[in-house]
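Participant: Before I ask anything, let me first share the structure, which is written out below as structure tokens.
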Amino acid sequence: MSPIVIAIIAGVAGVLAGAVVVASVLRSAIERKAQDKLKQAEIDGETIKKEKLLQAKEKFLQLKQEHEKTVQERNNQITQAENRIKQKEQSVNQKLEETKRKENELEKRRKDLEHQLDLVKGKEEEVEKLHRKQVEQLETISGISAEDAKAQLMESLKAIARTDAMSYVKDIMDEAKISANKEAKRIVIQTIQRVATEHAVENSVSVFHIEGDEMKGRIIGREGRNIRALEAATGIEIIVDDTPEAIILSGFDPVRREIARLSLHQLVSDGRIHPARIEEVVEKVKRQVEEEIIETGKRTAIDLGIHGLHPELIRMVGRMKYRSSYGQNLLQHSREVANLCAIMASELGLNPKVAKRAGLLHDIGKVPDDEPELPHAILGMKLAEKFKEKPEVCNAIGAHHDEIEMTSLISPIVQVCDAISGARPGARREVVEQYIKRLKDLESLALSYPGVDKTYAIQAGRELRVIVASEKVSDKDAETLSLDIASKIQNEMTYPGQVKVTVIRETRSISVAK
């Protein structure tokens, strides 16, 4: 082995021996430090333990003091409560003693009163004996008993009282008849004078003014197609004659005339006049008129101070604006009757609000959507009952033409005021009402046939236009229908001249380009 290898081995052995020595020294140092830290930790633990014990003792002493303080406060409260109870017991004992003393006094007074009552009874017996003695003496002197004398006296007084009462009653009745007649005349005359109204005369013709005659040609349209479309949509006869700057709208139904007038106004203002546009405008105007009807009903109720009307009743009141009774505007008539009823009810000391309500609604049976075969008074009463009106209002509506018995004082007032309003000179025209009824009967007769969509009586009832649904009625059926309606009119109705029946069947094919 060479000396170099030996030297290397010796160096490595020395290094290993040094590392072993260093490791041993380090381990000894680490162990000493660990023992020192352990001792220090034990010392710190003892210190913390002592501090915690001291804190626990202090906390215990504090809680003990608080508990003793609470106990002391409760003991003080109990002592105070005991003192109050003792005071109340003393007060109750005093009151009991006072009550016993008063009871003794009352008992003493009761005994004194009983003694005095016994004395009074003894005196009353003595007075009664003296009274009987005097009565016996009077009976001996007069020769009749006290009962007979009393009976004779009562009979005499009854006869005198009966005679006086009959005379008094006769005088009162005579005076009441005279004053009642005078008072009734005064109330009626004063009521009529206080309510002034215009004479209501309705026409069956409306005049539509145009700015120039050149507009008439556009309204007529090519071969009269615009006029025919407008007449078919509204049911009004449109007369275009030589009258300058005017077109005449003829029809018995004011609602239709108003719809035709407003539709013409919109068409002329817009300038687009053709059948499709006419139908569109007429439908739009119909909705506007319906809104106007409701607004008129609301405004009428507000003007008259009537509240709480059902919306359907308000709508019926608005429809009265477009109805007439013997030529008299129905809304104007109903408003007048309402005011008359309120004045007359006030004069008689009755409720004017209820009377005014009954007066306004008394003719609602003339404007229902459907018109069953019932008198308008009974129909109006049923409508009022349906919409929860008061019983006296319903009775006044049903009894104002004596269809039912009157059960309240409001009913004769409504009847009288209805007669006053209708009896004004020039207020009504019998001929107009009969004429309108004949036109309505014509339309109703044609509507009774299946497949009929609309019917319009025009030219003062000389022509009846019947519009049928094309999918339900064929061309051949239309000819048969025209003959049947004409035959039925001839057999069932009375009319002057002749009635022309025109059945209109129109077929349309509509497609939409998308």
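Participant: Might you check whether a residue that is closer than 21 Å to H376 by Cα, open to solvent by 40 Å² or more (accessible area, probe 1.4 Å) and at pLDDT 85 or above occurs anywhere in the stretch 296-310?
Facilitator: Checked against the condition, which is being closer than 21 Å to H376 by Cα, open to solvent by 40 Å² or more (accessible area, probe 1.4 Å) and at pLDDT 85 or above, the stretch 296-310 yields at least one hit.
Participant: Does L447 count as at pLDDT 85 or above and more than 25 Å from the chain's Cα centre (by Cα)?
Facilitator: Working: at pLDDT 85 or above: yes; more than 25 Å from the chain's Cα centre (by Cα): yes.
The answer is yes for L447.
Participant: While we're on this one: Given S487, S509, which one is open to solvent by 50 Å² or more (accessible area, probe 1.4 Å), out of contact with any Ser or Thr (no Cβ under 8 Å at 6 or more places or on another chain), of a type in the set (S, T, N, Q) and outside any loop (DSSP other than H, G, I, E, B)?
Facilitator: Details: S509 fails: outside any loop (DSSP other than H, G, I, E, B).
Exactly one residue qualifies, and that residue is S487.
Participant: Which of the following residues is surrounded by 14 or more Cβ atoms within 10 Å (Cβ to Cβ) and either modelled with pLDDT under 85 or of a type in the set (D, E, K, R) (or both): E433, E471?
Facilitator: On the way: E471 fails: surrounded by 14 or more Cβ atoms within 10 Å (Cβ to Cβ).
Being surrounded by 14 or more Cβ atoms within 10 Å (Cβ to Cβ) and either modelled with pLDDT under 85 or of a type in the set (D, E, K, R) (or both) holds for just one of E433, E471, which is E433.
Participant: Now a separate question. Filter the stretch 300-314 down to residues that are over 14 Å from E336 (Cα atoms), touching a helix residue (DSSP H, G or I) at 6+ places or on another chain (Cβ under 6 Å) and part of a helix (DSSP H, G or I), then give me how many there are.
Facilitator: Final tally of qualifying residues: 1.
Participant: Here's another thing I want to ask about it. Test each condition in (1) surrounded by fewer than 15 Cβ atoms within 10 Å (Cβ to Cβ); (2) modelled with pLDDT of 85 or more; (3) assigned to a loop (DSSP other than H, G, I, E, B) for G349 and report the one that comes out false.
Facilitator: (2)
Participant: So in the stretch 269-295, with the set limited to residues that are over 15 Å from T234 (Cβ atoms) and over 35 Å from the mean Cα position of the chain (by Cα), which one is surrounded by the fewest Cβ atoms within 10 Å (Cβ to Cβ)?
Facilitator: Of the stretch 269-295, the ones over 15 Å from T234 (Cβ atoms) are 269-272, 274, 276, 291-295.
Remaining after also requiring over 35 Å from the mean Cα position of the chain (by Cα): 269-272, 274, 276.
Working: S269: 7, D270: 10, G271: 9, R272: 12, H274: 15, A276: 10.
Ranking the qualifying residues of the stretch 269-295, first place goes to S269.
Participant: Going by the conditions given, is I247 touching a strand residue (DSSP E or B) at 6+ places or on another chain (Cβ under 7 Å), open to solvent by less than 90 Å² (accessible area, probe 1.4 Å) and modelled with pLDDT of 75 or more? Break it down into steps so the answer makes sense when it comes.
Facilitator: Details: touching a strand residue (DSSP E or B) at 6+ places or on another chain (Cβ under 7 Å): yes; open to solvent by less than 90 Å² (accessible area, probe 1.4 Å): yes; modelled with pLDDT of 75 or more: yes.
When the stated conditions are applied, I247 passes them.
Participant: (1) modelled with pLDDT under 85; (2) in a helix (DSSP H, G or I): which one isn't true of E336, the others all being true?
Facilitator: (1)
The values are calculated or read from the model by the stated rules, or taken from the named source; none is laboratory data. This structure is a prediction, so every number in the text was calculated from the model and none was measured. When we count neighbours, we look across all protein chains shown, and the Cβ atoms used for this are built from the backbone with ideal geometry, even at glycine. Side chains included, ligands, DNA and RNA excluded: accessible areas come from the protein's heavy atoms. Shrake-Rupley method; radii C 1.70, N 1.55, O 1.52, S 1.80 Å.
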